[in-house]
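Engineer: Sharing a structure here in structure tokens format.
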Amino acid sequence: MLITLIAFFAVLGILVLVHELGHFITARRAGIKVEEFGLGLPPRMFGFYKSAEGNWRAVGLRAKEAPGTIWSLNWIPLGGFVKIKGEDGSEVVEPDSFGSKSIWQRIMVLSAGVTMNVILAAVILSISLAIGSPQVIDDGKLSGFAKVSNVEIKIFQVLEGSPAAQSGIEVADTILAVDDQTFTKIAEFQEYFDQKVGQTVNLKIERKSEVLEKQVVPQILAETQRAGMGVALLETGLVSYPWYLAPVFGVWETLKMIGGVIFGFFLIIKSLVVSQELIGDVYGPVGIAGLVGDAARLGFLYLMQFTAALSVIIAVINFLPFPALDGGRVAFLLLEAVRKKPVNPKLEALMHNIGFALLMILVVIVTFRDIARVSAGFLNWWNSLGGMF
């Protein structure tokens, strides 16, 4: 639990900091005053600002303004914010106000957080690919420049009531040997188990750096009509590229990740509209914390991979044209550009407030689902490839 909490707040802190820095830097470069830069959500725990004399001074817990930007740490450790002068449509006539800038400058400020999340993902994946990125191995899809090492067979799903479950085999276990034989291809496992129906098979597995021995009796599975022990397997390894090519493939992987997330949202929305069913898994703060903890226990490289993926997901969600999100605010600005006049500030504020309330309701619902669900863990989320075995 402690590892999960530390990893979750570390990852969340990095993602929020990078996102809000994007808004902050772009606003300042556009000549807009940033009234407060906050980590966490109000109420404020403490805050400080830099005076005109260059001295750092504490600010009151309820203070809304200061000569400079208020840097604050807030009590609710989920998210963060940048309070930009005039973002609510007020103070348009003041030159350092958000509302006084051109539509395209305002769009750049609102889009900067998403842009920074995408850049962060590309940087993380570039570094990861230079030192070795954990990936599902598919020889037909890997570039000829790729170097693969540490090939392993990992379990990412265990069927309830299956021989594997009865033997105490768990998600994220690594299979080291079968009857003292080493296999690095899932097809080799299948061929071996086809010959062992009804016979005891000895497995040597690794779990959290501990080597264990388990015995299973393969049987014909109803799901596949073939011999197996009731697990889904992934053939994984560390994929690396020369340092000068790693950034190229890092950017490419980021773009593919963005496409995958967008396509996933399309499928979810399509399913809701066509069949009124929610497909796939939707995670809230509790579920994400669990996935971060699983990734951390698998190792630092897996945590890097998950952080990059989460950064992309946050970027895509934030840019959806939904009120209260960055994408929703950009949509209002684009509407202003088409109409040649701004939307009524009170109407826009109402829409954003309604949108925020709906998002909070969704977070609560998803959080209850997180608590109630029995999760297959990070590996199940990480990749749904691999057949039932």
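Engineer: Kindly express, to the nearest 10 degrees and within the range 0 to 90, the angle between helix 285-298's C-alpha long axis and the longest C-alpha principal axis of the chain.
Structural biologist: 50 degrees
Engineer: With the full set of protein chains in place, find how many percent of the accessible area of the chain is carbon and sulfur; take the probe as 1.4 Å.
Structural biologist: Answer for the chain is 64 percent, counting heavy atoms of protein chains only.
Engineer: To the nearest Å, what is the center-to-center distance of the stretch 1-65 and the stretch 147-217, using C-alpha atoms only?
Structural biologist: 47 Å
Engineer: Working from Cα positions, state the angle (0 to 90°, nearest 10) between the long axis of helix 345-372 and the longest principal axis of the chain.
Structural biologist: Helix 345-372 and the main axis of the chain meet at about 20 degrees.
Engineer: In Å², and per residue, what accessible area does the chain have when probed at 1.4 Å with the other protein chains present?
Structural biologist: Accessible area per residue, the chain: 53 Å².
Engineer: What are the lysines whose alpha-carbon lies under 23 Å from the alpha-carbon of Lys214, with same-chain residues fewer than 8 places away excluded?
Structural biologist: Straight-distance partners of Lys214: Lys154, Lys185, Lys196, Lys204.
Engineer: Can you return the lysines within cross-link range of Lys33? Criterion is Cα-Cα under 16 Å, with same-chain partners fewer than 8 residues away left out.
Structural biologist: Output for Lys33: Lys50, Lys64, Lys83, Lys85, Lys101.
Engineer: For the stretch 32-134, what is one quarter of the convex hull surface built on the Cα atoms, given in nm²?
Structural biologist: Taking the Cα atoms of the stretch 32-134, their convex hull projects to 9.3 nm² on average.
Engineer: Quick one: which residues, 5 or more positions from Gly80 or on another chain, have an amide H under 5 Å from its amide H? H modelled 1.01 Å from N in the peptide plane, none for Pro or chain starts.
Structural biologist: Gly40
Engineer: When the chain is treated as a GNM, springs tying every alpha-carbon pair under 10 Å, which of Leu73, Leu362, Leu234 comes out with the largest mean-square fluctuation?
Structural biologist: Looking only at Leu73, Leu362, Leu234, the biggest GNM fluctuation is shown by Leu362.
Engineer: Using +1 on the beta carbon of Lys and Arg, -1 on that of Asp and Glu, and nothing else charged, what's the dipole of the stretch 285-363 about the Cα centre, debye to 20?
Structural biologist: 300 debye
Engineer: Which value at 222 nm does the chain reach when only helices count, each DSSP H run of 4 or more adding -39,500 (n - 2.57), with the total divided by all residues and rounded to the nearest 500 deg cm²/dmol?
Structural biologist: After summing the helix terms and dividing by the residues of the chain, the value is -15500 deg cm²/dmol.
Engineer: Near Lys346, which aspartates and glutamates are there with a Cα under 17 Å away, not counting those fewer than 8 places off in the same chain?
Structural biologist: Glu87, Asp88, Glu91, Glu336
Engineer: In whole Hz, what ³J(HN,Hα) sequence does the stretch 20-29 give by Karplus (6.51, -1.76, 1.60; θ = phi - 60°), x for Gly and Pro?
Structural biologist: Residue by residue, the stretch 20-29 yields 6, 4, x, 4, 4, 5, 5, 5, 5, 5 Hz.
Engineer: Using 7 Å Cα-to-Cβ label points, what is the Gln181/Gln219 separation (nm, one decimal)?
Structural biologist: Going by the 7 Å Cα→Cβ label model, 2.3 nm.
Engineer: Taking the Cα centre of the chain as origin, sum charge times position over the Cβ atoms of Lys and Arg (+1) and Asp and Glu (-1), and report the length of that vector in debye to the nearest 20.
Structural biologist: So the magnitude is around 1400 debye.
Engineer: Once both axes come from the Cα atoms, what is the angle between helix 103-131 and the longest principal axis of the chain, in degrees from 0 to 90, rounded to 10?
Structural biologist: 30 degrees
Engineer: How do 250-257, 340-347, 20-27, 290-297 rank on mean C-beta neighbours within 10 Å, highest first?
Structural biologist: Going from most to least packed, we get 290-297, 20-27, 250-257, 340-347.
The values are calculated or read from the model by the stated rules, or taken from the named source; none is laboratory data. Small disclaimer: the values here were computed from a predicted structure and weren't measured. Here Cβ is always computed from backbone atoms with ideal geometry, including for glycine, and neighbour counts include all displayed protein chains. SASA here: full protein model, heavy atoms, side chains in, ligands and nucleic acids out. Shrake-Rupley method; radii C 1.70, N 1.55, O 1.52, S 1.80 Å.
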